[in-house]
Every structure is written in C-alpha cells, then in structure tokens.
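Quick notes on the structure that follows.
Derivation of every value follows stated rules applied to the coordinates shown; laboratory data play no part. Being a predicted model, the structure only gives us computed values, none of them experimental. A quick note on method: Cβ atoms are made from the backbone with ideal geometry, for glycine too, and the neighbour counts reach across all protein chains shown.
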Amino acid sequence: MKTVRTSIIATMILAIISLAACKKNNSSSVVASGSSKLSFQMKATNANLANLPADSTSVIAGLTWTAGTANVGKFAFEARRNGVSINIFSNNLTNVDLFALTPLQTYVTLDTGVYKEIEITAFLEGTADTVPPLKLSGTFTNDSSKVVPIEFDLSGKAIVKVEQHNIDISGTTDYTALLDMQLDRITKGITADDLNKATLTNGSIIISKTSNITLYWKMRANITRCGWGEFREHHKDHD
C-alpha cells in the first residue's frame, strides 16, 4: 500500500514539473503583435505630376475636366511579407466623387511586418447599366474659341492599378494609400485636333461606347495605367 501511494505521489510530481516546463516554453515563444489601419482614397487631378514619364501623358490645350465619379466595387492590396503573398480586399465602396476635397475612403487592417512588392488596385464596376464605372465631365475650348461641354462615359468594368514602395507596419502608425487618377494619362494618344473633329451631340462632345468610338477606346485603354500612388502616414487616433 505504501508502494502504491509513493508511486502516485511521484506521478503527480512529474506531472507538475511537466506542466511548469510547458508554461515556460509557451511564454518564451509569444511574439509581440499589433496592427495598423491602411485607408484607401481615390481622387482625380488635371495636374501633370512631375515624376511621371513624359510619354505617358497627353496635355490637350483647352481641355479641363471639372467633375467625375467612380463606382468602386473594391480595393485590393497585394504584397509580400516574409516571402508570403498577402491579398486583402476592401469591398462595398461606391460612387466616389473624384473631385471632392475629402475623398470617400475605406480601410483594411494590416498585421505588423515589412510589406514589399506592393500593388493597389481599384475595381471600377457599373450598376444595372444606370451608374457607369467611371464618368468624367468638363469643357473643351475648340479652335473657334467656343467652350464646348465634354463627357466621358465608361462602359463595362475596368481597373486602376498602382505600384507602391515598401512599408513597415509597426502597429504605432496608420497609413493612407492615395490613388490619384492622372487625367492627362487617360487622354494619351488624343490631340486637340481630335476633339475639334469630334461629333457633337446636342452641342456636347460625348465620348462613349456609341459616340466618338475611336476616342472612347483610346481612353478606355489608358485607364489601367492612369494611376499614381503614394502612402501617407499618421499616428493613430489622429486624422
């Protein structure tokens, strides 16, 4: 009986020692974790950004875009962290006013780490043929010095994609990814003479899938690479 009791006590002691060892090992493997918020903003500009290749733009004298909306179905953040591909999507963002002083934004949460080979993509999608994926409007002063309204209506789906430099997510700083639609890039391959010769609809230049079709397909082909991007960082809890 004494032998059995001694065996039970010894077994209990071994179990306690094993449990203590496990707790010690687990605590030593805990890694400090955190996350940061990455917000997406999208806007448009008529300005010709200095760091864009000269042959990627087309400045048309007399053309000024003054309003625009993009129906953004989602943003995608693609990168590599520690050699692993990361794909994160932010959905349900629609009707972005591209000329708003404070563009509508959405965000995702990123775990800490260094993100490389970054690509950010905005997916432009129409809704029930009533809201186009992208609509731009403005004015064009023709060779007779007459100011003519101009409108671009995109059909179907399209993407705007930009590449970004590396970011180090520390958990102490949030970021905003600004995707700027460079409108001079959308009109690459089009000249003022092309607009002077464009067909007018009720006194306006309408560039769409059914009107001024050659100009439409040129602009549509430029959309994917019309973007320019940058990261802006700010401390948490501050705008």
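Please list, in chain and number order, the residues 5+ apart from GLY62 or on another chain whose amide H is under 5 Å from its amide H, with Hs placed from the backbone.
none
At 0.36 nm per residue, minus the direct Cα-Cα distance, what do THR173 and ASP143 gain on full extension? Give it in nm, one decimal, please. Present the calculation step by step, with values, prior to reporting the outcome.
Numbers: separation 30, 0.36 × 30 = 10.80 nm, distance 5.15 nm.
Stretched fully, the THR173-ASP143 segment lengthens by 5.7 nm.
To the nearest 0.05, how large is the calculated FRET efficiency for ASP97 and SER155 if R₀ is 25 Å and r is the Cβ-Cβ distance?
Values: r = 20 Å, r/R0 = 0.82.
Given R0 = 25 Å and the Cβ-Cβ separation, E is 0.75.
Rank MET181, ASN142, GLY62 by how far each Cα sits towards the positive end of the charge dipole of the range 35-235 (+1 on Lys, Arg Cβ; -1 on Asp, Glu Cβ) and give me just the farthest.
ASN142
So what's the net charge close to THR69: Lys and Arg +1, Asp and Glu -1, counting the other residues with Cβ under 15 Å from its Cβ?
-2
Any idea how many Lys pairs in the range 87-239 come in under 13 angstrom at the alpha carbon, given 8 or more places apart or on separate chains?
5
Points 7 angstrom from Cα along the Cβ direction at TRP217 and ASN196: gap in nanometres?
2.5
Among TRP228, TRP217, which comes first, then next, by fewest other beta-carbon atoms within 10 Å?
Ordered from fewest to most neighbouring Cβ atoms within 10 Å, TRP228, TRP217 come out as TRP217, TRP228.
What does the charge dipole of the range 110-239 about its Cα centre add up to, to the nearest 20 debye, if the Cβ of each Lys and Arg holds +1 and the Cβ of each Asp and Glu holds -1?
Details: 14 positive and 19 negative charges, 145 e Å.
Dipole magnitude for the range 110-239 comes out near 700 debye.
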